[in-house]
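All of the numbers you see were taken from the coordinates with simple rules; none came from a lab. What you are looking at is a predicted structure, and each value in this text was computed from that prediction instead of being measured. No Cβ is skipped: glycine too gets one built from the backbone with ideal geometry, and neighbour counts run over all protein chains shown.
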Amino acid sequence: MHVDPLEKIWIGVIILLTAVMLGSIFYTAFAGSVHPPSNVEVIDSTALHLTDEFAEDNLGVRENPDGSVTVTMVATRYGFHPQHVEVPARTPVTFRFATPDVLHGLHIPTTNVDTMVVPGYVSEVNTELQSTGTFPMYCNEYCGVGHHSMWSRVTIVPKQG
Ligand SMILES: [Cu+2]
């Protein structure tokens, strides 16, 4: 079978590109520990307000006995509750999100906090925030006509003690 030399070059280019792309996926997955959220925890989205954790009065930042911090938030059309959270830098932080309505996304620029908030599940992100300052936390999954105004603020303060 005759294969044109130019065609052989392009076959080589495609094989090389495929190897580079797969290599970068595996490299970030293993070396950088980049992976999809694996916290499969179900919750009744229609009854969030009846749960201990996601009831309105219990939302927000909670310090754990081991010094780590847990932030519990509800993502709903069209906002995050609470509207503003303050977390310490260089401290293990666990963000836990749930939604009572539709699919939302969540992203905090300059950090590795980025997840989908799927109805029926609790989304959990474990991180340690480094830089201090106030950052927006915004929805990055189209959730309806008010999606563009769905955001909240996270203030990262210097660690005390
Ligand atoms: Cu949205």
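Descriptive notes on the structure:
- Relative contact order of the stretch 45-157, taken over Cα pairs closer than 8 Å and 6 or more residues apart, is 27 percent.
- Shape call, the stretch 45-157: gyration tensor on alpha carbons, a/c limit 1.5: oblate
- Spacing of the two label points (7 Å from each Cα toward its C-beta) at ALA31 and ARG153, in nm: 3.9
- Positive end of the dipole of the chain (Cβ unit charges, origin at the Cα centre): among HIS147, PHE95, PRO5, the Cα lying farthest that way belongs to PRO5.
- Peptides 10-16, 125-131 ordered by average Cβ neighbours within 10 Å, highest first: 125-131, 10-16
- Annotation: the stretch 105-161 has a Kirkwood hydrodynamic radius of 12.7 angstrom, from the mean reciprocal C-alpha pair distance.
- In this Cβ point-charge picture (+1 for Lys and Arg, -1 for Asp and Glu), the chain has a dipole of about 460 debye about its Cα centre.
- Global geometry of the stretch 1-90, whether rounded, prolate or oblate, following the gyration tensor of its Cα atoms and the 1.5 cut on a/c: prolate
- Rounded to the nearest 500, the 222 nm mean residue ellipticity of the chain from helices alone is -5500 deg cm²/dmol, with -39,500 (n - 2.57) taken per DSSP H run of at least 4 residues.
- Against the main long axis of the alpha-carbon atoms of the chain, helix 5-30 sits at an angle near 30°.
- Report note on the peptides 49-62, 76-89, 104-117: ranked by the mean count of other C-beta atoms within 10 Å, highest first, their order is 104-117, 76-89, 49-62.
- Antiparallel content of DSSP bridges confined to the chain, in %, to 5: 70
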